[in-house]
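The values are calculated or read from the model by the stated rules, or taken from the named source; none is laboratory data. None of these values were measured; they are calculated from a predicted model. Because the Cβ atoms are built from the backbone with ideal geometry, glycine has one as well, and the counts that use them run over all protein chains shown. The area values use the complete protein model at the heavy-atom level, side chains included, leaving out ligands, DNA and RNA. Shrake-Rupley method; radii C 1.70, N 1.55, O 1.52, S 1.80 Å.
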Protein chains: 6
Amino acid sequence: MYSVNVRDHFMIAHSFNGDTFGPAQRLHGATYVVDLELRRSALDRDDVVVDIARAAELLRAVLAELNFRNLDEQPDFRGRNTTTEFLAHVVFDRVAERVRAGALGLEAAGLDSAKVTLHESHVAWAAYEGPLQC
Amino acid sequence: MYSVNVRDHFMIAHSFNGDTFGPAQRLHGATYVVDLELRRSALDRDDVVVDIARAAELLRAVLAELNFRNLDEQPDFRGRNTTTEFLAHVVFDRVAERVRAGALGLEAAGLDSAKVTLHESHVAWAAYEGPLQC
Amino acid sequence: MYSVNVRDHFMIAHSFNGDTFGPAQRLHGATYVVDLELRRSALDRDDVVVDIARAAELLRAVLAELNFRNLDEQPDFRGRNTTTEFLAHVVFDRVAERVRAGALGLEAAGLDSAKVTLHESHVAWAAYEGPLQC
Amino acid sequence: MYSVNVRDHFMIAHSFNGDTFGPAQRLHGATYVVDLELRRSALDRDDVVVDIARAAELLRAVLAELNFRNLDEQPDFRGRNTTTEFLAHVVFDRVAERVRAGALGLEAAGLDSAKVTLHESHVAWAAYEGPLQC
Amino acid sequence: MYSVNVRDHFMIAHSFNGDTFGPAQRLHGATYVVDLELRRSALDRDDVVVDIARAAELLRAVLAELNFRNLDEQPDFRGRNTTTEFLAHVVFDRVAERVRAGALGLEAAGLDSAKVTLHESHVAWAAYEGPLQC
Amino acid sequence: MYSVNVRDHFMIAHSFNGDTFGPAQRLHGATYVVDLELRRSALDRDDVVVDIARAAELLRAVLAELNFRNLDEQPDFRGRNTTTEFLAHVVFDRVAERVRAGALGLEAAGLDSAKVTLHESHVAWAAYEGPLQC
């Protein structure tokens, strides 16, 4: 199994609901350094898993929808806690949707699965991984 | 599949038995930077894999039992080489035991598996992973 | 010249004023991974620059005043842009004030200067350094 | 499951064929920081996955064959694009061959699988993993 | 003294002349992860050292002139060894020239000095620093 | 001013004397990841600060004297606490002595100063810097 990984980041404000979260119930924010891993069992005709420049652009486009925003005001996330693991799933779903829509080209139909990791600090991160079902 | 990861560290002295280990047969020591990854197939009602603050406390408690000690004098490790991979398993077992005993709360029953990685330097690390059987 | 460095982090929300900031004029947020470097020309009687555990506690206490907050609502920062470099200076000043007040003990009178670095992502950081004038 | 990981690097020149690659069709180069992960379900009699010093030597020997070379002139790679993912597979195959030939000793017969990751920059990396079939 | 730092990278081929360089006399290559630090004694009216987005663009523009090239064929470097420290100076000079030409705006006249660090691997890097003389 | 940096590591056991050190008064240990920075105002005839391969060998030789040892038993350190900052100075002095003795060649006479940084974990490090007086 092959994989490629590209890294980018986004910066948001949010707050959490629930006693579990303690002081993180207050409006605060985070930088998320994001790793997108794309997996495939065989290389394509160019000897790549996927055009890495296009993968980087795709990730940048997905993160641009979230970047420099207050997630508490995003209708998509109403009633949810936008935790690191929750956001990892959001980024995964949006990446998967764009891949299925052809953002990485026809060759990307061979992609098997993906993993999205969000680093919230030097001591904590979270991830979501699953099949890409292209 | 979701995962969350917390990082901490501990510092110990030890020596190894066996010609394989060369100069590491002498009493020396190591800093282990430890990553604890907890995995789960669905988020709980708070939209988290687990309360990350409690996961960090749990890891800190487990490492405190090892921190600032000479492992050659620990009865638990008699007759064993406390290699990085061996210690990754030790930390895994102690984390798993505390999780089963409720250290992460009732919700943590949904945890699927875990991975413990011990970094011994910038060029070497080892890990143990397995099911959590909560 | 000797130096010691401790690392911690804090997470805040804020927004910026001025066309220069583009989309960062919207309410967003950041994780700041903070390095505090303390410098001294000679070691004290314990062969340390400063008790590193107390230095870590001091940094934690200073960051706790900022952590999990919306900086736009902090009276101290009214009319200012809480940029990474501005916040590096804020953390520096608060550390210096506590050092002068004895938070690191009498021995810390020998400290010469300090540097505070705030990492806002894997590709951008800022710092402020100056004498400690203990 | 246990794993150990050793890190090393190599530096090469190459060029790519195909419009997909844009300016990377020109002769350029890369530093690859390489992580070799070896996995095993049980520790051996020394409480290790494998002698980590020998694993580091093995990786160094494999990378020495590639280091400080122009890959466009290597007969083994004729007609292929020596992308990061392609080279991860090359390193994997050469490691596996040496492991099967006994480079890690008889105990290494217990190795289950391996993963080779090549970091080409702070924002991009690729990997190949598979069974070791010792 | 304040400083801000932005990070980017470029990938080149080159060879070295002189017995000192051993196997690095062969055509090979490198990824250079580049840190550009800009220093200033006071913040400007926006509370910044410099518009960090413009600093990142400036660095990207300078590195684009070198990226994906064989440095042995660049007339500017004829008769020189394009070592990491030599290239750090080249990047510094080109950054300084653009700053003086106004690439960072009028406010950047307040910049004091700069440092350019080129990381060639996880175990080696080099830097050049000097006044910016704006 | 130019600088080059090489990284290596060593692993030791030790204990500290003095109430300040709390549980670190027990025999424990550390991995120190070491950065050696060498500075010079002009490049030599090969366009380098110093032969980086020889600098790496020099650092390796100095660290080999400390590696895999119990520092409590080293006569050189009797009556001292082998803290991170103390050891940074020890490594600095041993490097400087070898440089003066010609370990980096005649060209190294042009070296100006050096800095030795010892990383004891992902959240703490210490350094010593000074002139090389070659």
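Could you please let me know if E:A30 is assigned to a helix (DSSP H, G or I) and at pLDDT 95 or above? Here the answer is no, as E:A30 does not meet what is asked. Checking A:E107, A:E97 one by one, the residue that is assigned to a helix (DSSP H, G or I) and either touching an Asp or Glu at 6+ places or on another chain (Cβ under 8 Å) or more than 30 Å from B:L111 (Cβ to Cβ) (or both) is A:E107 and no other.
Here's a check for you: in the stretch B:7-23, which residue that is hydrophobic (A, V, I, L, M, F, W, C) and open to solvent by less than 10 Å² (accessible area, probe 1.4 Å) is nearest to the other protein chains (Cβ to nearest Cβ)? Per the criteria, the residue is B:A13.
When the test is whether a residue is in contact with an Asp or Glu (Cβ under 8 Å, 6 or more places away or on another chain), β-branched (V, I, T) and part of a strand (DSSP E or B), B:T20 does not pass it.
Within the stretch D:52-62, being crowded, with 20+ Cβ neighbours inside 10 Å and more than 7 Å from every other protein chain (Cβ to nearest Cβ) holds for D:A55, D:L58, D:L59, D:V62.
When E:S3 is tested against (1) open to solvent by 30 Å² or more (accessible area, probe 1.4 Å); (2) in contact (Cβ under 8 Å) with a residue 12 or more places away in the chain, only condition (1) is not met.
Pairing residues of the stretch B:108-130 that are within 7 Å of another protein chain (Cβ to nearest Cβ) and among the acidic types (D, E) with residues that are open to solvent by less than 30 Å² (accessible area, probe 1.4 Å) and outside any strand (DSSP E or B), at Cβ distances under 6 Å and at least 6 apart in sequence or on separate chains, gives B:E120/B:T84. When D:E65 is tested against the conditions (1) more than 9 Å from chain E (Cβ to nearest Cβ); (2) in contact (Cβ under 8 Å) with a residue 40 or more places away in the chain; (3) under 21 Å from the mean Cα position of the chain (by Cα), the lone failure is (2).
When restricted to residues that are at pLDDT below 95 and either part of a strand (DSSP E or B) or closer than 19 Å to F:A124 by Cα (or both), the stretch C:119-134 contains 0. Among the residues of the stretch B:95-107, those identified as in contact (Cβ under 8 Å) with a residue 24 or more places away in the chain and either open to solvent by 40 Å² or more (accessible area, probe 1.4 Å) or out of contact with any strand residue (DSSP E or B) (no Cβ under 9 Å at 6 or more places or on another chain) (or both) are B:R98, B:R100, B:A103, B:G105, B:E107.
Regarding the stretch B:34-51, can at least one residue be identified that is open to solvent by 40 Å² or more (accessible area, probe 1.4 Å), closer than 30 Å to F:F10 by Cβ and out of contact with any Cys (no Cβ under 8 Å at 6 or more places or on another chain)? For the stretch B:34-51, residues open to solvent by 40 Å² or more (accessible area, probe 1.4 Å), closer than 30 Å to F:F10 by Cβ and out of contact with any Cys (no Cβ under 8 Å at 6 or more places or on another chain): absent. In the stretch B:70-92, the residues that are within 12 Å of chain D (Cβ to nearest Cβ) and in a helix (DSSP H, G or I) reach residues that are open to solvent by 80 Å² or more (accessible area, probe 1.4 Å) and of a type outside the set (S, T, N, Q) with C-beta atoms within less than 8 angstrom, at least six apart or across chains, in these pairs: B:F86/B:R80; B:V90/B:D76.
Pairs are defined by a Cβ separation below 8 Å, a sequence spacing of at least 6 or placement on different chains, a first member in the stretch C:33-45 that is more than 14 Å from chain A (Cβ to nearest Cβ), and a second member that is open to solvent by 40 Å² or more (accessible area, probe 1.4 Å) and of a type in the set (D, E); the pairs so defined are C:E37/C:E129; C:R39/C:D112; C:R40/C:D112; C:S41/C:D112; C:D44/C:E107; C:R45/C:E107.
Residue by residue, here is whether (1) within 16 Å of the chain's Cα centre (by Cα); (2) modelled with pLDDT of 95 or more; (3) open to solvent by less than 60 Å² (accessible area, probe 1.4 Å) holds:
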residue	(1), (2), (3)
B:D76	yes, yes, no
B:R80	no, yes, no
B:T84	yes, yes, yes
B:A109	no, no, no
B:T117	yes, yes, yes
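Does the stretch C:22-32 include one or more residues that are within 15 Å of the chain's Cα centre (by Cα) and within 30 Å of F:G130 (Cα to Cα)? No, that holds for no residue.
Reported count of residues in the stretch A:93-107, each being within 15 Å of the chain's Cα centre (by Cα) and within 14 Å of another protein chain (Cβ to nearest Cβ), is 1. Flag: B:A42 does not match the condition of being in a strand (DSSP E or B), more than 15 Å from the chain's Cα centre (by Cα) and modelled with pLDDT of 95 or more.
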